[in-house]
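A.B. asks: Can you keep this structure in mind? I'll have questions shortly.
The values are calculated or read from the model by the stated rules, or taken from the named source; none is laboratory data. Every value quoted in this text rests on a predicted model; they were computed, and no experiment measured them. Neighbour counts run over all protein chains shown; Cβ positions are idealised from the backbone, glycine included.
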Amino acid sequence: MSAALPSELQRWVTAQLGGLAEVTDVSWPRTTSRVWRLTRSGGVTAYVKIAPGDRHYEREVYAYRHAAVALGPGRAPRLLASEPQLHAVMTSALPGAPVKGLALSAVEERAAHRAAGGVLRRLHELAPRSAEARTQADAAVRRTVARSKVYLARATHLVTYSQRDLVYRSWQLLLALAPQLPVAFRHGDFRPRNWQWNRVSQRLALFDFESCGIGVAAADFVWLAAGSWAEDPGLRRACLLGYGRDFTDAEVRALPALIALAAVEDLQWAARNSDPRGVAYAHRILARMEAECH
């Protein structure tokens with residue numbers, strides 16, 4: 001759909017690119033997503049995004065200036081311009097389309113997951129092997145648990161006693177396992193909607209780095225393990241083949257706990273935003289984690 005840019009953003013974009021032939025709103029259907037595809041009369045395309053806050057903007061710009069460059073050509077968009085006052089980030093367009101929404105054959109979907117695993121491994125290995133990185137990763141786990149306590153308080157009326165107990169046990173388990181979990185420079189929202197797949201070259205790129213940073217590697221697999229991997233274990237095998245290693249014993253134990261906490265976060269968000277499909281999906285994930293953890 002076409003949509004005009006906010007006036008201040010329009011002036012900034014025009015200063016960067018000149019006249020535009022077309023502006024298309026390509027935001028995800030959530031209030032914090034504000035992304036537009038920009039096309040100039042010569043056919044050159046770029047994307048502009050307004051990050052939802054200072055920290056998101058800083059992460060995105062850092063990732064495009066450093067991490068995305070380190071991934072190599074074609075594995076992430078290039079940063080074209082940024083404007084801190086507007087929280088605006090402009091990036092290049094890459095060939096292909098987001099994997100979410102593409103009608104892929106089973107073979108091609110596995111190829112995309114394998115390629116995604118390979119790019120993610122490159123990203124994860126950008127984390128320094130230092131005591132400071134270990135400290136940052138452990139702190140990230142503690143923040144995840146702390147946020148989960150807030151989310152559970154908002155969703156207490158939506159979960160059963162046994163599901164609450166699952167979440168309590170998940171907090172304890174994650175805090176105990178944190179020092180054993182491999183450290184990584186995380187993408188932060190690693191899932192098919194943020195994968196750009198070029199069907200011609202069979203190359204995959206990552207975008208949307210607003211949640212990136214030092215953390216535990218297992219946390220980047222939560223959305224996949226909660227969704228597509230549960231439906232098709234072949235996708236899990238393909239992704240980990242590209243990633244180059246299987247999960248450690250500590251990661252195997254931590255992943256269901258991370259999924260349970262993510263489900264509670266989704267549940268409270270869906271309930272607050274009157275999204276019954278989201279509520280039902282989060283309930284299904286919690287029920288599955290409850291069964292797996294018994």
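A.B. asks: Where the second residue is modelled with pLDDT of 90 or more and in a helix (DSSP H, G or I) and the first is closer than 10 Å to Cys212 by Cβ and not assigned by TED's automatic domain parsing to the domain that holds Asn198 and lies in the range 55-79, which pairs have Cβ atoms under 7 Å and are six or more apart or on separate chains?
C.D. replies: The qualifying pairs are Ala67/Leu123.
A.B. asks: Let me ask something additional. Which residue is nearest to Val26 (Cα to Cα), if the candidates are limited to the range 97-127 and must be out of contact with any Phe, Trp or Tyr (no Cβ under 9 Å at 6 or more places or on another chain) and not in a helix (DSSP H, G or I)?
C.D. replies: Within the range 97-127, the match that is nearest to Val26 (Cα to Cα) is Gly101.
A.B. asks: A further question on this structure: Has the range 140-153 got at least one residue that is among the charged types (D, E, K, R), at pLDDT 95 or above and touching a Pro at 6+ places or on another chain (Cβ under 8 Å)?
C.D. replies: There is no residue in the range 140-153 that is among the charged types (D, E, K, R), at pLDDT 95 or above and touching a Pro at 6+ places or on another chain (Cβ under 8 Å).
A.B. asks: While we're on this one: Based on this model, can you work out whether Gln180 counts as more than 28 Å from Ile50 (Cα to Cα), touching a helix residue (DSSP H, G or I) at 6+ places or on another chain (Cβ under 7 Å) and at pLDDT below 95?
C.D. replies: In short, no.
A.B. asks: For Val119, state whether it is in contact with a strand residue (DSSP E or B) (Cβ under 6 Å, 6 or more places away or on another chain) and of a type in the set (Val, Ile, Thr).
C.D. replies: yes
A.B. asks: Taking only the range 9-29 into account, find how many residues are modelled with pLDDT of 90 or more, within 28 Å of the chain's Cα centre (by Cα) and farther than 12 Å from Ala46 by Cα.
C.D. replies: Looking only at that region, the number is 3.
A.B. asks: Do any helices (runs of 4 or more DSSP H) entirely within the range 192-294 hold 2 or more residues that are surrounded by fewer than 18 Cβ atoms within 10 Å (Cβ to Cβ) and hydrophobic (A, V, I, L, M, F, W, C), and if so, which?
C.D. replies: Once the helices (runs of 4 or more DSSP H) in the range 192-294 are filtered for at least 2 residues that are surrounded by fewer than 18 Cβ atoms within 10 Å (Cβ to Cβ) and hydrophobic (A, V, I, L, M, F, W, C), what remains is 249-272, 276-292.
A.B. asks: Still on this structure, I have one more. Quick one: Gly18 ticks every box in (1) without any contact (Cβ under 8 Å) to a residue 24 or more places away in the chain; (2) closer than 30 Å to His124 by Cβ except a single one, so which number is it?
C.D. replies: The number of the failed condition is (2).
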